[in-house]
Each structure stands twice: as C-alpha cells, then as structure tokens.
Amino acid sequence: MSEDDGSLSEDGGSDETVRKVEPSRLPLPLTPPPFENFIPEGDTRKRSVCRSCGQILYQNPRIVVGAVCVMNRRFLLVRRAIEPRIGAWTFPCGYMEMNETTREGAAREVREEAGAHVEVEDLLAVYSLPHISQVHMMYRARMLTPDHAPGEESLESRLFEWSDIPWDDLAFPTTHWTLRDYARADGRTDFAPFDRPEPG
C-alpha cells in the first residue's frame, strides 16, 4: 500500500464524497467489505474502494532488493529452495520489509538466504518490471568474512569464480542482467545505476 491513507466519506457514509483517514482508525469488518472499482474524487485512476466505509485499497509496485556479494573476486550465489525456479541459482534478493531502507533490506536478504554478513556498497542497478509491477534495486556488497550457509529459502550457498558461474542455470533475467552489469561497472565508481536492457 502507498503512503496515502485510506478514505472515508465526509458524512460517514456517503457514496459520492471521500476523504482520507488513518487506516488504523477504521473498524475491522466482520465480513469482507464490498470493494468496487471506480475513480474516487480527486483521483484520475480507477481504484478499489470500499462502499461501506470509503477506504481506498491502493495497489502499488513492490520493491525487490538484492546484492551481488564478493569475497576475493568470488561471487556468492544461492540455489533456490522455493518456487519460482526452485533449484536455480541467484544472488540473495527479495521483497523489502516494512520500516527498512533498501540497503538494510539487501543486507537482510543476504543474511536470511546465505547466512553471510556484508557491507552494502553502491547502488548497481534499478530495473523496472511493469509487466509484474515490480522494481528491483540491486547493490554491490563486500563480504566481511568468508562464512556463508544456506538459509530456509536456499538449498545451497556457494562462492563462485566468475568463469564458474552457472550461467545456464541462473534463476531470472534480472540475475543475468545484474551480474553482467556488475562486470560492466567493475573497478568503477563513476557510473549511474544501470537500467534494464532494451528488448531485442
């Protein structure tokens, strides 16, 4: 949900006029509320609006954060234990949690999926994926120790030489893009975060 609050009609029940209120102040319904799609007053897009209380259910893109973690020119990858792409390799990444920064989220994902502790460095890439309503923010990170171990969402964790990375068994297009962009930025700090490659 976005930072915009829910909304409630000015008179407490009008279907025509809505105003914003704190979602936490709305009473919890005993039965699922009747949401309908229409353009609320002051908006330009159709939203899911509760006809009982006027609350607007905002649906916004989700943010995925991750880090390419390196120790002595070796790259930390994990083999996924969950769908989608169970058994395929990726670097640690996942959805942001509430009340954390993107760097904090990337470091947390590394701890959870690979049992490693890292210093998250500069932002490497930002990939917009409108077809699945996601934005992926990928960082470079330095492993503080060589220790790593698979977490609950990983079957295996391993440090790979660049030439040994299982390119044909990487989990997602973004896994390929990020590793390739890491190579493009290797040894550089004077670059803007990379974007997704042009199709074709």
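The values are calculated or read from the model by the stated rules, or taken from the named source; none is laboratory data. Please read all numbers here as calculations on a predicted model, not as lab measurements. All Cβ positions, glycine included, derive from the backbone under ideal geometry; neighbour counts span all protein chains shown.
Observations
- Test for Ala192: is it assigned by TED's automatic domain parsing to the domain that holds Gly87 and either surrounded by 13 or more Cβ atoms within 10 Å (Cβ to Cβ) or over 15 Å from the mean Cα position of the chain (by Cα) (or both): no
- Residue ID - surrounded by the most Cβ atoms within 10 Å (Cβ to Cβ), chosen from residues in the stretch 175-189 that are out of contact with any helix residue (DSSP H, G or I) (no Cβ under 9 Å at 6 or more places or on another chain) and free of Cβ contacts under 8 Å to residues at least 60 places away in the same chain: Asp181
- Scope the stretch 105-134; condition touching a helix residue (DSSP H, G or I) at 6+ places or on another chain (Cβ under 9 Å) and part of a loop (DSSP other than H, G, I, E, B); matching residues: Ala116, His117
- Taking the stretch 61-104 as the range and being assigned to a loop (DSSP other than H, G, I, E, B) and either of a type in the set (Asp, Glu) or at pLDDT below 95 (or both) as the test, the residues that pass are Glu83, Glu97, Glu100.
- Within the stretch 48-90, considering residues that are loosely packed, with under 15 Cβ neighbours inside 10 Å and basic (Lys, Arg), the one nearest to Leu170 (Cα to Cα): Arg73
- If you filter the stretch 154-174 down to residues that are in contact (Cβ under 8 Å) with a residue 12 or more places away in the chain and of a type in the set (A, V, I, L, M, F, W, C), you find that the one that is nearest to Gln134 (Cα to Cα) is Phe172.
- Residue within the stretch 147-158 that is within 18 Å of Thr90 (Cα to Cα) and not assigned by TED's automatic domain parsing to the domain that holds Gly87 present: no
- Taking the conditions (1) surrounded by 14 or more Cβ atoms within 10 Å (Cβ to Cβ); (2) free of Cβ contacts under 8 Å to residues at least 60 places away in the same chain; (3) closer than 21 Å to Arg74 by Cβ in turn, Ala149 satisfies each one other than (1).
- Hey, Thr145 among the β-branched types (Val, Ile, Thr) and part of a helix (DSSP H, G or I) or not: no
- So Asp168, is it of a type outside the set (A, V, I, L, M, F, W, C), within 15 Å of Leu77 (Cβ to Cβ) and out of contact with any strand residue (DSSP E or B) (no Cβ under 9 Å at 6 or more places or on another chain): yes
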